[in-house]
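Right, one structure below, let's go through it.
The values are calculated or read from the model by the stated rules, or taken from the named source; none is laboratory data. None of these values were measured; they are calculated from a predicted model. Glycine also receives a Cβ, built like all others from the backbone with ideal geometry; neighbour counts cover every protein chain displayed. Just the protein is used for accessible areas: all its heavy atoms, side chains included, with ligands, DNA and RNA removed. Shrake-Rupley method; radii C 1.70, N 1.55, O 1.52, S 1.80 Å.
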Amino acid sequence: KLGGTIALVFFLCGIPSAILIGWLSDRWNYRALIFASVLIVGELSCFSTYFVQTFAGLVVTRAITGFSIGGSLPIVYSVLGDIYTAEGRNAVSGLIATSVGIGLGVGQGSAGYLGPTFGWRLPFLVVSVPSFLISIFAFFLPEPARGAKEWAILEYQQKVPPLEGEDMNETEANSRTKSDNIEDGGTLAMQQTEASPHTVESRYVIEHPSWKNTWKMLCTPTVILVILQGAPNVIPFGIISVYLNDYLSQNKGLTVQLK
């Protein structure tokens with residue numbers, strides 16, 4: 001019951017959260033605020049797990065935590081895509097995936113060693129308090145310019161050097177603010193006007209998520225390959241992450257620390 005129901009609720013809430021929060025981060029230019037809010041809600045829920053007295057309360061707190069984790073990852077990758085160029089995104093994405101794995105290991109390891117001695121509640125307290133304090137700093141993260149590291153923008157900046165006494169960031173900022181039609185959450189396309197090569201008007205071509213765009217993305221060979229590679233791993237990963245601990249302790253007689 002603990003291994004199945006709790007894990008099921010956790011992941012079921014994380015899946016729609018990833019879609020919803022990802023959609024909101026495309027619509028609003030307040031990704032740092034959304035990210036911090038999602039993290040704080042999740043950490044407060046994790047902290048509240050320490051005080052639950054019923055199984056229903058445990059289900060609710062784990063569901064909210066799953067919603068938080070599911071919603072935070074799309075924002076992370078969205079922001080990283082605007083900070084790093086295409087050449088650097090693979091390494092950064094790999095670092096994020098590695099960090100997630102390390103976090104899972106530290107969480108399960110601390111729970112395995114603290115739980116038998118101090119009770120199952122304490123690990124939630126140990127994990128949530130520092131994470132909550134760190135998440136507060138997310139409110140103050142700068143909002144990177146959307147699309148600033150795309151090849152089209154970088155190519156344009158190389159063709160049009162900044163004016164004397166003006167750095168690249170200011171040029172980029174001017175190109176984004178002198179706009180005749182700016183809307184949040186779109187794909188940036190540059191258009192040069194006849195006045196001056198340094199007078200640039202930014203126009204957003206809005207491509208909000210839709211069933212048509214989703215289907216088009218799913219038909220991309222790279223996405224198909226990722227799905228074909230990842231789908232067979234879902235079952236063994238689910239078994240290992242959800243049931244293996246219970247199996248080793250209950251069926252094989254291993255201690256909590258050892259398993």
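Some points to look at:
- On inspection, GLY103 qualifies as of a type outside the set (A, V, I, L, M), farther than 27 Å from ALA145 by Cβ and out of contact with any Leu (no Cβ under 9 Å at 6 or more places or on another chain).
- Per-region count, the range 77-93, residues in a helix (DSSP H, G or I) and either in contact (Cβ under 8 Å) with a residue 12 or more places away in the chain or of a type in the set (A, V, I, L, M) (or both): 11
- Among residues of the range 235-259, those that are in a loop (DSSP other than H, G, I, E, B) and out of contact with any Pro (no Cβ under 9 Å at 6 or more places or on another chain), counted: 5
- Residue list for the range 109-133, filter: open to solvent by 60 Å² or more (accessible area, probe 1.4 Å) and either modelled with pLDDT under 85 or within 20 Å of LEU258 (Cα to Cα) (or both): TYR113, PRO116, THR117, PHE118, TRP120, ARG121
- Test: LEU188 is modelled with pLDDT of 50 or more and either assigned to a helix (DSSP H, G or I) or surrounded by 11 or more Cβ atoms within 10 Å (Cβ to Cβ) (or both): no
- GLY14 more than 19 Å from PRO123 (Cβ to Cβ), part of a helix (DSSP H, G or I) and of a type in the set (Gly, Ala, Ser): yes
- The residues of the range 8-45 that are over 21 Å from PRO130 (Cα atoms), aliphatic (A, V, I, L, M) and touching a Gly at 6+ places or on another chain (Cβ under 8 Å), listed by number, are VAL9, LEU12, ILE15, ALA18, LEU20, ILE21.
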